[in-house]
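Novice: Have a look at this one.
The values are calculated or read from the model by the stated rules, or taken from the named source; none is laboratory data. A quick note: this is a predicted structure, and the numbers were derived from the prediction, not measured. Note that each Cβ is placed from the backbone with ideal geometry, even for glycine, and that neighbours are counted across all protein chains shown.
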Amino acid sequence: MIFDLALPAGCPKADVGEFEGTAYRLVRTDPPTGKDLLTYLELDLLPAADACKRASISLFSTFDQAQHRLEISPHLGRFVACLSLTTAHGRVGKPSSSGHIDWWPYKGMRNPADLKVVG
């Protein structure tokens, strides 16, 4: 499959698989726009961070984890939106202890209309 962005070599890692289920994203607008799905790479943020992670879209495993991140990092957004992912959407990393997951969408699968604000 072709990814939505040109990714660094070896990104995502071979052990990162596809995912099917609901994930949550912090967004700035309701309804969400394309700007709510930009990566740190596209925003030119954290240039010293891991290039592969910078090219991913940050999601959370649960609403509560996303809401917690919003409360402690309000600069990341104003709302929590849900997104139903299928294996056609791309590759998703394993959740961290905070519930954070990295999503590398396949070409054409990064659509703000798929996001619904839920909190």
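Novice: When you scan the range 17-42, how many residues do you find that are more than 19 Å from Gly93 (Cβ to Cβ) and modelled with pLDDT under 95?
Specialist: Applying the first criterion (more than 19 Å from Gly93 (Cβ to Cβ)) to the range 17-42 yields 27-36.
Subsequent filtering for residues that are modelled with pLDDT under 95 retains none.
Residues meeting the conditions: 0.
Novice: Among the numbered conditions (1) small (Gly, Ala, Ser); (2) under 21 Å from Val117 (Cβ atoms); (3) within 10 Å of the chain's Cα centre (by Cα), tell me where Gly21 comes up short.
Specialist: The number of the failed condition is (3).
Novice: Sticking with this one: Return yes when Thr33 is touching a residue at least 60 places away in the same chain (Cβ under 8 Å), over 15 Å from Asp4 (Cβ atoms), of a type in the set (Val, Ile, Thr) and surrounded by fewer than 18 Cβ atoms within 10 Å (Cβ to Cβ) and no when it is not.
Specialist: When the stated conditions are applied, Thr33 passes them.
Novice: Examine the range 58-75 for a residue that is more than 13 Å from Trp103 (Cβ to Cβ), among the β-branched types (Val, Ile, Thr) and touching a residue at least 40 places away in the same chain (Cβ under 8 Å), and state whether such a residue exists.
Specialist: No; the residues of the range 58-75 include none that is more than 13 Å from Trp103 (Cβ to Cβ), among the β-branched types (Val, Ile, Thr) and touching a residue at least 40 places away in the same chain (Cβ under 8 Å).
Novice: Being more than 16 Å from Tyr106 (Cα to Cα) and either outside any strand (DSSP E or B) or in contact with a Pro (Cβ under 8 Å, 6 or more places away or on another chain) (or both) is the filter here; which residues of the range 10-24 pass it?
Specialist: Scanning the range 10-24 gives a single hit, Asp15.
Novice: For the range 91-116, name all the residues that are surrounded by fewer than 16 Cβ atoms within 10 Å (Cβ to Cβ) and in contact with a Cys (Cβ under 8 Å, 6 or more places away or on another chain).
Specialist: Listed by number, the list holds a single entry, Lys116.
Novice: Kindly indicate whether Pro47 is of a type outside the set (A, V, I, L, M), more than 10 Å from the chain's Cα centre (by Cα), closer than 21 Å to Leu115 by Cβ and part of a loop (DSSP other than H, G, I, E, B).
Specialist: Numbers: of a type outside the set (A, V, I, L, M): yes; more than 10 Å from the chain's Cα centre (by Cα): yes; closer than 21 Å to Leu115 by Cβ: no; part of a loop (DSSP other than H, G, I, E, B): yes.
Considered against the rule, which asks whether it is of a type outside the set (A, V, I, L, M), more than 10 Å from the chain's Cα centre (by Cα), closer than 21 Å to Leu115 by Cβ and part of a loop (DSSP other than H, G, I, E, B), Pro47 comes out as no.
Novice: Got a number for residues in the range 95-109 being in contact with a strand residue (DSSP E or B) (Cβ under 7 Å, 6 or more places away or on another chain) and assigned to a loop (DSSP other than H, G, I, E, B)?
Specialist: 4
Novice: For the subset of the range 56-90 comprising residues that are of a type in the set (Val, Ile, Thr) and part of a helix (DSSP H, G or I), which member is surrounded by the most Cβ atoms within 10 Å (Cβ to Cβ)? If you could, list the steps in order and put the result at the bottom.
Specialist: Kept after step one, since they are of a type in the set (Val, Ile, Thr), are these residues of the range 56-90: 57, 62, 72, 80, 86-87.
Subsequent filtering for residues that are part of a helix (DSSP H, G or I) retains 72, 87.
Details: Ile72: 9, Thr87: 13.
By that ranking, first place goes to Thr87.
Novice: Please enumerate the residues belonging to the range 13-27 that are out of contact with any helix residue (DSSP H, G or I) (no Cβ under 6 Å at 6 or more places or on another chain) and of a type outside the set (Asp, Glu). It would help to see each step written out before you state the result.
Specialist: Keep residues of the range 13-27 that are out of contact with any helix residue (DSSP H, G or I) (no Cβ under 6 Å at 6 or more places or on another chain), which gives 13-17, 19, 21-23, 25.
Matches in the range 13-27: Lys13, Ala14, Val16, Gly17, Phe19, Gly21, Thr22, Ala23, Arg25.
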